[in-house]
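Visitor: Take this structure, written in structure tokens, and hold onto it; I'll ask about it next.
All of the numbers you see were taken from the coordinates with simple rules; none came from a lab. Bear in mind that the values here come from a model prediction, so they are computed numbers and not experimental data. Every residue, glycine as well, gets a Cβ built from its backbone with ideal geometry; the counts of neighbours run over all protein chains shown.
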Amino acid sequence: MQRHDVVVVGAGLAGQRAALAAIEAGRDVAIVTKLHPLRSHSGAAQGGINAAVGKEDSVDTHIYDTVKGSDYLGDQDAIEFFCREAGPTVVEMEHFGTIFSRADDGSLARRPFGGAGFPRTIYAADRTGLALLQALYERLGTESFTIYEEWDLTSLVVHDGRVQGIVAFDRRHGDFAAIAAKAVVLATGPAGRIYGRTTNAHSCTGDGLAAAYRAGAALKDMEFVQFHPTALLESSILITEGARGEGGILKNANGERFMSRYAPHVLDLASRDVVSRAIWTEVQEGRGFPGRYVHLELMHLGREKIETRLQEICDFTRAFAGVDPVTQPIPVMPAQHYMMGGISTDLHGEATIPGLFAAGEAACVSIHGANRLGGNSLLETLVFGKQAGLAAAAYAETAATASVTPEDLEGETAHVRAMAARKDGEEPQALRSEMQATMDRYVGIYRSPGDLEEALRRLRALQRRYENVRISETSRVYNLHLTDALETGHMLDLAEVIVVGALARTESRGAHTRLDYPKRDDVNWMRHTIARPGPEGPTLSYAPVAYTRWEPKERVY
Amino acid sequence: MAAARVKVPIEVYRFDPTHDAKPHYDRFELDLAPHTPILTALLQIRADRDPTLTMRYSCRSAICGSCAMVVNSKSRLVCQTPVGPEVEKHGKIVIEPMRSLPVLRDLVVEMSPFWGHYRKLEPHLITDPRHPMPADRETPMTPVEVERFKETPRCIACGACYSACPAVEADASFPGPMALAKLYRFVVDPRDSARQDRLVRIQTEGLWLCLRCHLCTEACPKDVQPSQRIRDLKEMAIAAQGATENGSRHALGFKENLRDRGILNELKLVRQTMSPLAMLGQIPQGLKVARKKPETMRKPPKIQELEQIETLYRELDDAPGEKAR
């Protein structure tokens, strides 16, 4: 039986930052991760990290932009804390060794980003996530801790109302193991693979979210799903907002710069929900290209700028779309990109079960509210990763010894043995594909009650079929079929929570757009959705939005 | 955007240590658009044909570094390699696990030798406590200083270079291209204070085992150009410490030796490379060579066009930037 003070699940930026904070606080820390830390999806973040460090900019403007971007669903106290931490966080990452792009005077270079009043997004070409991930991993590498690599989280162990450890599957050796921990930090990232059309990596299956939910922790605001305006047409590979930050423009099939109709002031650099809806509308109304897409044009920026500041984008579009952005427009459509919702936490990363903490995209503090601004997610991983690590360390310092029992382990293995013993049954991959098709078709940018009800009906049918899922693979070494089955089960639970929340919220706010309720409704709906597991699926309750200084106003860009 | 489909024969290396005594290849045939990434083809096999096909993959956009494999004998990221050109060139696609790393199952390899070399180079900023970084603000760094990193920050640690490297295959103590490119990244970092130590240390820890074949640069999916950075490290190491190792003495000796006569004087090259004591150990080998190829034991005549060689050397010595390092 393994035992640690603090177990961090997930080794992206949030998980690593949490681990570093807990180690520095003197705790014995272990990281459990299904990928080598440098393979984490944090590394795929392209555009940058926001910090109001410029002379003309101010922390207050960053706070205001984030509150407005959230469509007034973000908690203003958390957003204030978050934006104040931005400068020190970026400086710390620079001191850890991050190689940022620089201005001529030697300071950190900044680029404009959507929904921001000033050029506030600090970047490392168009691979900012990778640059931060490398530096943090290298800094963390100087500390001593345990890592369980290529382990899948399967469940949390809760005894006496407190989280006391985890159960996980060791892919390499084919064993389940229980790890006792006084505090558990979930930093497992998003569940973007609920959708077929997503910019997310294959590994983004919401394992931590599902484990927390099943253990009875509250999930918050799960119906708010961000669609990134510019994903490559077929593969849905992300084309950074930085491409528009550097001057890229969107055009429809008539050659019109259509954003002038939707966001007359800031055009292509409106908030992501606004731009995604605009593209969707253009295509729906017949102004898209055949095959349903629009163009992102960079050609006018010139080869030099494209190839240096958008180097990865150049490679991506050349390799994955056969398009050279120096001479040709890039075919793009919106795709699922980010989950504003997550495991409900306070601004110290504390979830709703004692001993449980969460950070990064898996968590919902909430600072993004109904719509996240570009450049705020990398910042979130680091700011709240650190907070969660500190809080978990403090909790573990005084917590009683944690215990996990053989029964905790037996519960998981019995479940898997049953899946493996079935001669006939459902293939996990088939269930996953149907779930993805359902979410793509019925739970997209624009939502209608009919579509959402149909999605719910289909998802529940898939959940019933999942009870009969089978693992046909018998090997004990890297049994990915077992991983597929576990992940698919996680995502089916989370997809249901998204749809139930979306059906209940009879308003349009940020990324949640209801065709039958096109307006924001602050009287009834300026509140967070809280979902917990019930006997008949998720049960919803609502919590107030923390409010300090910023009155809700209509959002115009 | 609909493209014609082509028949894609794929042969995949299979080995499961729990069932198989030895590896075999499974053959699949798919109908795919030519620009389909090989990863997509493999995932299609997993979904529709054989869920036991085992490999690492995650981002599918050449940024996580999970899916390096050997494709028709070349180390590549399968997410970034389309099927069409491979089939056109080779008639089929043969997928094998990366080389020089033990196979755990199918296309999944043990990466710990690769990571071990990386960790051994102390891949983190080492700062001088006497010159702390500015408190509360970033360390100033000009765009010109950022350019000195060249393409090394793009490295995604996929291991394709390690798999492609014949020096790694021949000698497991060679750190490999990725680790050395990473070392370069720290050596040129103006914030790092261990430059001299790093350069001195690497002279005896494998720098000179690089064969300069450039296969790493060819394999790198992110254009990091490890072989060019290894060359830079060699120059910087000699500048920092002098030619203290057989490898560095051999490099300098080679240069001088060729300048003399325009053709290698191999006997002299041995003297230029090795210490007298080490040469004693080479006597048996020398006698063997003398018997088989006596011409190598004689001083070769100067070539006729030696003037041209001298001009070349002058131009290279005067080339800007090279000596500045």
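Visitor: Mind listing which trypsin sites (Lys or Arg not before Pro) in the stretch A:37-126 are in a DSSP loop and have 13 or fewer other Cβ atoms within 10 Å?
Guide: Values: sites: A:Arg39, A:Lys55, A:Lys68, A:Arg84, A:Arg102, A:Arg110, A:Arg120; in loops: A:Lys55, A:Arg120.
Counting only loop positions with at most 13 other Cβ atoms within 10 Å, the trypsin sites (Lys or Arg not before Pro) in the stretch A:37-126 are A:Lys55.
Visitor: Which aspartates and glutamates does B:Lys92 reach when only Cα atoms under 15 Å apart count, and residues fewer than 8 places away in its own chain are ignored?
Guide: B:Lys92 reaches B:Glu11, B:Asp26, B:Glu29, B:Asp31.
Visitor: Sticking with this one: In whole angstrom, note down how far apart the Cα centers of the stretch A:12-47 and the stretch A:427-487 are.
Guide: That distance is 28 Å.
Visitor: What's the FRET efficiency of B:Lys293 with B:Asp26 using the Cβ-Cβ distance as r and R₀ = 45 Å, to the nearest 0.05? Walk me through the numbers before you get to the answer.
Guide: Numbers: r = 48 Å, r/R0 = 1.07.
After rounding, the FRET efficiency stands at 0.40.
Visitor: In whole Hz and in residue order, list the ³J(HN,Hα) couplings for the stretch A:56-70 that follow from phi through the Karplus curve 6.51 cos²θ - 1.76 cosθ + 1.60, θ = phi - 60°; x for Gly and Pro.
Guide: With the stated coefficients, the stretch A:56-70 comes to 7, 8, 8, 4, 4, 5, 4, 4, 4, 4, 5, 4, 5, x, 6 Hz.
Visitor: Moving on. Just subtract the alpha-carbon distance of A:Thr474 and A:His265 from 0.36 nm times their residue separation and send over the number in nm, one decimal.
Guide: Numbers: separation 209, 0.36 × 209 = 75.24 nm, distance 5.93 nm.
Contour length minus Cα-Cα distance gives 69.3 nm.
Visitor: For A:Arg257 and A:Glu304, FRET efficiency with R0 = 25 Å and r from the beta-carbon atoms, rounded to 0.05?
Guide: On the way: r = 23 Å, r/R0 = 0.93.
Taking R0 as 25 Å, the efficiency between A:Glu304 and A:Arg257 is 0.60.
Visitor: Let me ask something additional. If a/c stays under 1.5 just call it rounded; otherwise compare a/b with b/c (prolate if a/b is bigger, oblate if not). Do that for the protein assembly as shown, with a ≥ b ≥ c from the square roots of the Cα gyration tensor eigenvalues.
Guide: Numbers: a/c = 1.68, a/b = 1.53, b/c = 1.10.
Prolate, since a/c reaches 1.5 and a/b exceeds b/c.
Visitor: Further question: Which value, in debye to the nearest 20, gives the size of the charge dipole of chain B about its Cα centre, when Lys and Arg are +1 and Asp and Glu are -1 at the Cβ?
Guide: Numbers: 49 positive and 42 negative charges, 159 e Å.
Dipole size: approximately 760 debye.
Visitor: Along its principal axes, what span do the Cα atoms of the stretch A:168-217 show, with the longest given first and each in whole Å?
Guide: 37, 29, 16
Visitor: Within a 10 angstrom radius of each residue's Cβ in A:470-478, how many Cβ atoms of other chains show up on average? Whole number is fine. Let's see the in-between values first.
Guide: Working: counts 0, 1, 3, 6, 4, 9, 5, 10, 10.
Per residue, the average neighbour count from other chains is 5.
Visitor: Spin-label point model (7 Å from Cα, Cβ direction): what's the A:Thr539 to A:Arg214 distance in nm?
Guide: Spacing of the two 7 Å Cα→Cβ label points: 2.0 nm.
Visitor: Follow-up. Looking at chain B, identify the longest residue range that excludes and avoids all GluC sites (Glu not before Pro) in DSSP loops having at most 15 other Cβ atoms within 10 Å. If you can, show how the numbers build up before the last one.
Guide: On the way: sites that count: B:Glu110, B:Glu305, B:Glu322.
Result for the longest clean stretch: B:111-304.
Visitor: Among rounded, prolate and oblate, which fits the stretch A:367-476 when a ≥ b ≥ c are the square roots of the eigenvalues of its C-alpha gyration tensor, a/c under 1.5 means rounded, and a/b larger than b/c means prolate?
Guide: Details: a/c = 2.65, a/b = 1.11, b/c = 2.39.
Because a/c hits 1.5 or more and a/b fails to exceed b/c, the stretch A:367-476 counts as oblate.
Visitor: Using only Cα atoms, find the angle between the long axis of helix A:311-320 and the longest principal axis of chain A, and express it within 0 to 90 degrees, rounded to the nearest 10.
Guide: So the inclination is approximately 80 degrees.
Visitor: Which of B:Arg49, A:Arg309 comes first, and how do the rest follow, when ranked by fewest Cβ neighbours within 10 Å? All intermediate terms of the calculation are to be shown ahead of the outcome.
Guide: Working: B:Arg49 13, A:Arg309 22.
Going from least to most buried by this count: B:Arg49, A:Arg309.
Visitor: So what is the relative contact order of chain A, in percent, for Cα pairs below 8 Å that sit 6 or more residues apart? List each step's numbers first, then the result.
Guide: Numbers: 1351 pairs, mean separation 122.3, N = 557.
It rounds to 22 percent for chain A.
Visitor: How long is the gain from A:Lys553 to A:Arg318 if the chain were fully straight, where each residue apart is worth 0.36 nm and the alpha carbon distance is subtracted?
Guide: Working: separation 235, 0.36 × 235 = 84.60 nm, distance 4.24 nm.
Fully extending the segment from A:Lys553 to A:Arg318 adds 80.4 nm.
Visitor: Then there's this: Can you classify the stretch B:246-318 as rounded, prolate or oblate using the Cα gyration tensor, where a ≥ b ≥ c are the square roots of its eigenvalues, rounded means a/c under 1.5, and otherwise it's prolate if a/b beats b/c and oblate if not?
Guide: Working: a/c = 4.21, a/b = 1.58, b/c = 2.67.
It comes out oblate by the Cα gyration axes.
Visitor: Also, quick follow-up: What cysteines in chain B have no other cysteine with a beta carbon less than 4.7 Å from their beta carbon?
Guide: Singleton cysteines: B:Cys67, B:Cys79, B:Cys155, B:Cys158, B:Cys165, B:Cys210, B:Cys213, B:Cys220.
Visitor: I want to make sure I understand the PRE zone here: with the label point 7 angstrom from the Cα of B:Ala172 toward its beta carbon, which residues in the stretch B:106-133 have backbone N atoms less than 17 Å away?
Guide: What the label zone holds, given the 17 Å backbone N cut-off, is B:109-120.
Visitor: Based only on other Cβ atoms within 10 Å, what is the fewest-to-most ordering of A:Met93, A:Met222?
Guide: Working: A:Met93 25, A:Met222 31.
Lowest count first: A:Met93, A:Met222.
Visitor: Starting at the first residue of the stretch A:246-260, write each ³J(HN,Hα) from the Karplus equation 6.51 cos²θ - 1.76 cosθ + 1.60 with θ = phi - 60°, in whole Hz, x for Gly and Pro.
Guide: These are the phi-based 3J(HN,Hα) values: 7, x, x, 10, 9, 9, 8, 5, 7, x, 8, 7, 5, 4, 5 Hz.
Visitor: So what is the calculated 222 nm ellipticity per residue for chain A, using -39500 (n - 2.57) for each DSSP H run with n of 4 or more, over all residues, to the nearest 500 deg cm²/dmol?
Guide: On the way: 16 runs with 203 residues, N = 557.
Helix-only estimate at 222 nm: -11500 deg cm²/dmol.
Visitor: For chain B, what is the calculated [θ] at 222 nm in deg cm²/dmol (nearest 500), taking -39500 (n - 2.57) for each run of four or more DSSP H residues and dividing by its residue count?
Guide: Numbers: 15 runs with 134 residues, N = 325.
Using -39500 (n - 2.57) per qualifying helix, the result is -11500 deg cm²/dmol.
Visitor: Working from Cα positions, state the angle (0 to 90°, nearest 10) between the long axis of helix B:246-261 and the longest principal axis of chain B.
Guide: So the helix axis and the longest Cα principal axis differ by about 60 degrees.
Visitor: Of B:Gly247, B:Gln272, B:Ala290, whose Cα points farthest to the positive end of the dipole of the stretch B:246-318 (charges on the beta-carbon: +1 Lys, Arg; -1 Asp, Glu; origin at the Cα centre)?
Guide: B:Ala290
Visitor: Right, here's the next one. Quick one: Karplus J couplings for the stretch A:503-518, per residue in order, coefficients 6.51, -1.76, 1.60, θ = phi - 60°, nearest Hz, x for Gly and Pro?
Guide: The phi angles translate into 5, 6, 7, 8, 7, 10, 8, x, 6, 9, 10, 9, 4, 8, 9, x Hz.
Visitor: Please compute the average number of Cβ atoms from other chains found within 10 Å of each residue's Cβ in peptide B:145-151.
Guide: Working: counts 3, 8, 2, 0, 1, 0, 1.
For peptide B:145-151, the averaged partner shielding equals 2.
Visitor: What's the FRET efficiency of B:Thr244 with A:Gln328 using the Cβ-Cβ distance as r and R₀ = 51 Å, to the nearest 0.05? Intermediate results must be reported in sequence, preceding the final value.
Guide: Working: r = 53 Å, r/R0 = 1.03.
According to the calculation, E is roughly 0.45.
Visitor: Using the alpha-carbon atoms, what tilt in degrees (0 to 90, nearest 10) does helix A:128-140 show relative to the longest principal axis of chain A?
Guide: Its long axis makes an angle of about 40 degrees.
Visitor: Arranged by the count of other C-beta atoms within 10 angstrom, fewest first, what order do B:Cys216, A:Cys314 take?
Guide: Numbers: B:Cys216 30, A:Cys314 20.
The order, fewest Cβ neighbours first, is A:Cys314, B:Cys216.
Visitor: Placing unit charges on C-beta atoms (Lys and Arg positive, Asp and Glu negative, everything else neutral), compute the dipole magnitude of the protein assembly as shown about its Cα centre in debye, rounded to 20.
Guide: Numbers: 108 positive and 114 negative charges, 444 e Å.
Using only the charged Cβ atoms, the result is roughly 2140 debye.
Visitor: How many partner chain Cβ atoms sit within 10 Å of a residue's Cβ in peptide A:231-239, on average, as a whole number?
Guide: Details: counts 0, 1, 1, 5, 7, 2, 6, 3, 0.
Shielding by partners across A:231-239 averages 3.
Visitor: Same structure again: Of the listed pairs A:Lys251/A:Lys553; B:Lys7/B:Lys89; B:Lys150/B:Lys255; B:Lys120/B:Lys182; B:Lys120/B:Lys150, which have alpha-carbon separations greater than 18 Å here? Please report the intermediate quantities before stating the final value.
Guide: Numbers: A:Lys251/A:Lys553 29 Å; B:Lys7/B:Lys89 13 Å; B:Lys150/B:Lys255 26 Å; B:Lys120/B:Lys182 11 Å; B:Lys120/B:Lys150 22 Å.
Going by Cα-Cα distance, A:Lys251/A:Lys553; B:Lys150/B:Lys255; B:Lys120/B:Lys150 fall outside the 18 Å limit.
Visitor: Could you tell me which trypsin sites (Lys or Arg not before Pro) in the stretch B:107-161 are loop residues by DSSP with no more than 16 other beta carbons within 10 angstrom of their beta carbon? Please report the intermediate quantities before stating the final value.
Guide: Values: sites: B:Arg119, B:Lys120, B:Arg130, B:Arg137, B:Arg148, B:Lys150, B:Arg154; in loops: B:Arg130, B:Arg137, B:Arg148, B:Lys150.
When the trypsin sites (Lys or Arg not before Pro) of the stretch B:107-161 are filtered for loop state and at most 16 Cβ neighbours within 10 Å, B:Arg130, B:Arg137 remain.
Visitor: Between the DSSP loop rule and a limit of at most 10 other Cβ atoms within 10 Å, which GluC sites (Glu not before Pro) in the stretch A:21-117 are left? Mind showing how you got there, number by number?
Guide: On the way: sites: A:Glu24, A:Glu56, A:Glu80, A:Glu85, A:Glu92, A:Glu94; in loops: A:Glu56.
Answer in residue order: A:Glu56.
Visitor: May I ask you to derive the relative contact order of the stretch B:112-241, considering only C-alpha pairs under 8 Å and at least 6 residues apart, and to give it as an integer percent?
Guide: Values: 158 pairs, mean separation 40.7, N = 130.
31 percent.
Visitor: Out of all DSSP beta bridges in the protein assembly as shown, what portion is antiparallel? Express it as a percent rounded to 5. The partial results should precede the final answer.
Guide: Values: 66 of 93 bridges.
Antiparallel bridges make up about 70 percent of those DSSP assigns within the protein assembly as shown.
Visitor: Using Cα pairs closer than 8 Å and at least 6 residues apart in sequence, work out the relative contact order for the stretch A:440-503, in percent. If you can, show how the numbers build up before the last one.
Guide: Details: 35 pairs, mean separation 26.6, N = 64.
For the stretch A:440-503, the relative contact order is 42 percent.
Visitor: Please name which of A:Met1, A:Thr438, A:Leu390 has its Cα lying farthest along the dipole of chain A towards the positive end, using unit charges on Cβ (Lys, Arg +1; Asp, Glu -1) and the Cα centre as origin.
Guide: Value: A:Thr438.
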